[in-house]
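So the structure is just underneath, and the comments pick up after that.
All of the numbers you see were taken from the coordinates with simple rules; none came from a lab. Just so it is clear, the structure is predicted and the values come from calculations on it, not from any experiment. All Cβ positions, even for glycine, are placed from backbone atoms using ideal geometry, and neighbour counts span all protein chains on display.
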Amino acid sequence: MDIEKKRILIGDDEEDLTWSISKRLAKDGDSLEIICTNSGSSALEMLSKYKVDLLVTDIRMPGISGLQLLNEVKVRYPQTPVIVMTAYGSLEVKKVLEHLKKTGYIEKPFEINELRKLIYSLLRLN
């Protein structure tokens, strides 16, 4: 039985980080397809072009911030789970996120396995 790959869009203005995350998650190639972008506006463009099963976004990005992107995704693509990652954690951000369904939160620096567990949990993969 073939399992449909889940497409994950990773958005962060640090190209090294998106590259690193995508390479490490690519080891799960049988179940995940990874695409990357380095801005919020580009992420919105990709969301309109591709079926994305999960978005991982940084909070601080040029142009459209991760929180603005999150709000747009929740309006335009309410079924798409989102993981917000940040090096600038705050109680304010956590409070905003805890009221949203299908949303995860992770603080940088993190272990890739920690992110992987969160991804698999939101996508309901084993």
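What to note about this one:
- Rounded to whole Å, sorted largest first: equivalent-ellipsoid semi-axes of segment 41-99, Cα gyration tensor: 19, 13, 9
- Charge-dipole axis of the chain as Lys and Arg at +1 and Asp and Glu at -1 on Cβ define it, positive-most pick from 120, 17, 65: 120
- Rounded to the nearest 20 debye, the dipole size of the chain about its Cα centre is 440 debye, using +1 on the Cβ of Lys and Arg and -1 on the Cβ of Asp and Glu.
- All lysines inside 26 Å of residue 27 as judged from Cα atoms, apart from same-chain residues fewer than 8 positions distant: 5, 6, 49, 51, 102, 108, 117
- Zero-based 10 Å bins, Cα pair distances in the chain, whole percents: 13, 50, 33, 4, 0
- Theoretical FRET efficiency, 1/(1+(r/R0)^6), r = Cβ-Cβ of residue 27 and residue 75, R0 22 Å, to 0.05: 0.05
- Backbone N under 20 Å from the residue 88 label point (7 Å along Cα→Cβ), restricted to segment 101-117: 104-110
- Residue 60 versus residue 13: modelled label distance in nm, points set 7 Å from Cα along the beta carbon direction: 0.8 nm
- Length-normalised contact order of the chain in % [C-alpha pairs under 8 Å, at least 6 apart]: 22 percent
- As a size descriptor, the averaged projected area of the C-alpha convex hull of segment 1-49 was calculated at 3.5 nm².
- Applying 0.36 nm per residue to the separation of residue 125 and residue 95 and subtracting their alpha-carbon distance, the gain on full extension is 8.2 nm.
- The trypsin sites (Lys or Arg not before Pro) of segment 47-91 meeting both criteria, a DSSP state outside H, G, I, E and B (loop) and at most 15 other C-beta atoms within 10 angstrom of the site's C-beta, are 51, 60.
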